[in-house]
Structure formats: C-alpha cells, structure tokens
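Take a look at the structure below.
The values are calculated or read from the model by the stated rules, or taken from the named source; none is laboratory data. Keep in mind that this is a model prediction, so the values were computed, not measured. We place every Cβ from the backbone using ideal geometry, glycine too, and count neighbours over all the protein chains shown. Note: accessible area is taken over every heavy atom of the protein model, side chains too, but ligands, DNA and RNA are not part of it. Shrake-Rupley method; radii C 1.70, N 1.55, O 1.52, S 1.80 Å.
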Amino acid sequence: MCGSQEAFLKNGVMPQTALITGASAGIGQEFARQLHSNGYNLILVARRHDRLEALCEEFNSQRSQSAEFVVADLSTQDSGNLRDIEKLISHRQIDLLVNNAGFGSFGALSELELVREEQMVLLNCVAPLRLTHAVLPQMRERQSGAIITLSSLGGLQPLPYMSTYSATKAFDLFFSLGLHYELKGEGISVLAVCPGQTETEFGEVARGPGDDLGVEGDQVRPVVHDSLRALEKRKAFVVPGSKARKIYWLLRCLPLHLRSRLLARMMRRSLRT
Ligand SMILES: NC(=O)c1ccc[n+]([C@@H]2O[C@H](COP(=O)([O-])OP(=O)(O)OC[C@H]3O[C@@H](n4cnc5c(N)ncnc54)[C@H](OP(=O)(O)O)[C@@H]3O)[C@@H](O)[C@H]2O)c1
C-alpha cells in the first residue's frame, strides 16, 4: 500500500475516496483515471502489483498522496484477500465503491474448467456482494455515498457459450437494481453499468473468440464517461457507449427466447471460427 488519507484538494475541501476493484486494466483503470482527474483519492485493487504501482506513481506525481493500492485476488475459495479489503473498508471512509473486477470464459460449459467457472462466480458475484455489504454501514451512517457495479449487456439475457458469465452479470444487475430502490431516500446512489463489447483485455482473458462476434466494441473512455454521468444523475442503470446502446435497443425489440436463440447461433458460429 502507498499514499495516505491526508491529501486535501487545493480549495481545502477533503477529497472523496473511491475504492475500485480491477483497476489494473481496462474499464477499472479508466474509472481510476477519470475519477482521479475529477479530484477523487483512489484505493486501487487488483492482482498485478507492477501495474497498480505504476498507476499510483503516475497519480501521485500529479497530486501527492492521492492514490494507493492493495494487491488482492478476490476470487479465492478461502476469501482471505476479500476479508482484507472488507477490513480496510471498515477502517476507512469510502465515498464511492466501484465493483468492477470481473472476467468471462467462452465455450461449451462441459468443456470449460469447473474451477475457473467457480472463480468467476466468486469474483463477479461474491466479491461485489461482500464489499457492498462492508461499505453500506458507513454510507448509511453518513447518509451519502455511491456504489457502481459492472454488469453487462450479457446480463440482460442468456449468452449461450458464456452461460456462467451472463448468469453472473444478471446477478450483478439485479443485485444493484434491487439496492438502488432499497436505498432510495438514504442519500446513497447505486448504479448498474451494462457495457457491450468494450476494447479491453476482457476478450483475451476469456480465452477465445468470445469477443469476436463481428461487432466492433466501444472504447473505454466513453464507456466510463457515460457511466459517471449516469451516476451524477442518480440513475439506476446505464448502457454506456454508443455501439452498446444500439445493440441494446435492437435486442429489446425481440422476446427473450428469440434473443437467446439468435445469440446462440452467433456464439456457435464464432466458436467454430
Ligand atoms: N470489456 C467488455 O467487453 C465488457 C463488457 C461488459 C462488461 N464488462 C465488465 O467490465 C468489468 C471490467 O472488465 P474489463 O473489460 O475492463 O476487463 P479487463 O481489461 O480484463 O480487466 C479486468 C480487471 O479485473 C481484475 N481482476 C481479474 N481477476 C481478478 C481477481 N481474481 N482478483 C482481483 N482482480 C481481478 C484485473 O486485474 P488483475 O489481472 O491485475 O487482477 C483487471 O484489472 C468486468 O466486470 C466485466 O465483466 C466488460
């Protein structure tokens, strides 16, 4: 860990602190950049020490003591690292929690490694549940705070050949939407973010042509920008990125069973290529 809580913005106002999981790459790293340039102090969480260290150095050179990091694997069966982050949350003021860390896998379930599917459920579902549960008491006490959870367009209907992944993202969506309405009137904003295919390391990690559906993805910058605007407007749900929004509106025109059948055909084709 590096940095401290002592930093003040130039105008003397105590900056807000955001804790971002999965901040070493992709969407999480872009959340870190945009929140930092909006004056937030950051606590960055992921597994890759070198990436987190380099990011914190960059942020701290722009504004001293404005970023720190914790190296943690949030998908272990014994949840040791998760407990460490929960403990950290209980000792610190966290104004914004970004439940972003996540991964997917591509292929027929019977051919995918079960351990990895379980890790996905731990990272994509159990980690957001536990970290949100850990941060809520302090937010409720202050009657302020915000929680962003990354779902996906894939959480809006089944994605055959990414069945576990889309189920975890449906969990994220419903969990976040439920909390949004549960906490209405308590000063806490809860936003579910549902990106479509976005240009990150996600496809590479999913190990397959899972992101090769013949659809060009959105860039991370507008995806995060749209998400932060939706948070400002206290929305419950956002589909960020212009390409994702088009797909969202197209998919909405079809009943669930037709969407699922269409996606199965597309995914099967891309599995063969
Ligand atoms: N890109 C897309 O097309 C897309 C679309 C819809 C939704 N999403 C969602 O957006 C979120 C971010 O994905 P991304 O596209 O930015 O993917 P990414 O580029 O692969 O980044 C994933 C981040 O999660 C971290 N992470 C992975 N496993 C972890 C673990 N066990 N413990 C702690 N951190 C871990 C990674 O850091 P380390 O490897 O250093 O741990 C990395 O920082 C995910 O929840 C994903 O489901 C992505």
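Return the calculated 222 nm mean residue ellipticity for the chain, to the nearest 500 deg cm²/dmol, obtained by summing -39500 (n - 2.57) across DSSP H runs with n ≥ 4 and dividing by the residue count. Counting only the DSSP helices, I get -14500 deg cm²/dmol. Remark: relative contact order (segment 17-272) = 18 percent; criterion is Cα-Cα distance under 8 angstrom and separation of 6 or more residues. Seen from residue 138, the other residues with C-beta closer than 14 Å to its C-beta sum to a net charge of 0, counting Lys and Arg as +1 and Asp and Glu as -1.
Each label was represented as a point 7 Å from its Cα along the Cα-to-Cβ direction; for residue 265 and residue 110 these points are 2.4 nm apart.
Against the chain, whose longest principal axis is taken from its Cα atoms, helix 26-37 shows a tilt of about 30°. As a calculated quantity, the FRET efficiency between residue 186 and residue 73 at R0 = 41 Å, using C-beta atoms, amounts to about 0.80. Between 0 and 90 degrees, the angle of helix 163-182 with respect to the longest Cα principal axis of the chain falls at about 50 degrees.
Based on the Cα atoms of segment 105-256, what semi-axes does the equivalent ellipsoid have, where each is the square root of 5 times one gyration tensor eigenvalue, given in whole Å with the largest first?
27, 19, 13
Over segment 17-272, the Kirkwood radius and the radius of gyration, each from Cα atoms, give a ratio Rg/Rh of 0.96.
Given the Cα-Cα distance of residue 34 and residue 50 and 0.36 nm per residue of separation, how much length would full extension add, in nm? Extending this stretch completely gives an extra 3.7 nm.
If R0 is 45 Å, the Cβ-Cβ spacing of residue 272 and residue 62 corresponds to a FRET efficiency of close to 0.45. Distant-in-sequence amide contacts of residue 198, defined by a placed amide H-H separation under 5 Å and a gap of 5 or more residues or a different chain, comprise 218. With the simple spin-label model, which puts each label point 7 Å out from Cα in the Cβ direction, the residue 142 to residue 233 separation comes to 2.5 nm. With angles folded into 0 to 90 degrees, how steeply does helix 80-91 sit against the dominant principal axis of the chain? Use alpha carbons for both and round to 10. Once rounded, one gets 40 degrees.
Entry comment: accessible area of the chain is 49 Å² per residue, from protein heavy atoms only and a probe of 1.4 Å.
When the P(r) is computed for segment 14-148, the part past 19 Å accounts for 49% of the Cα-Cα pairs.
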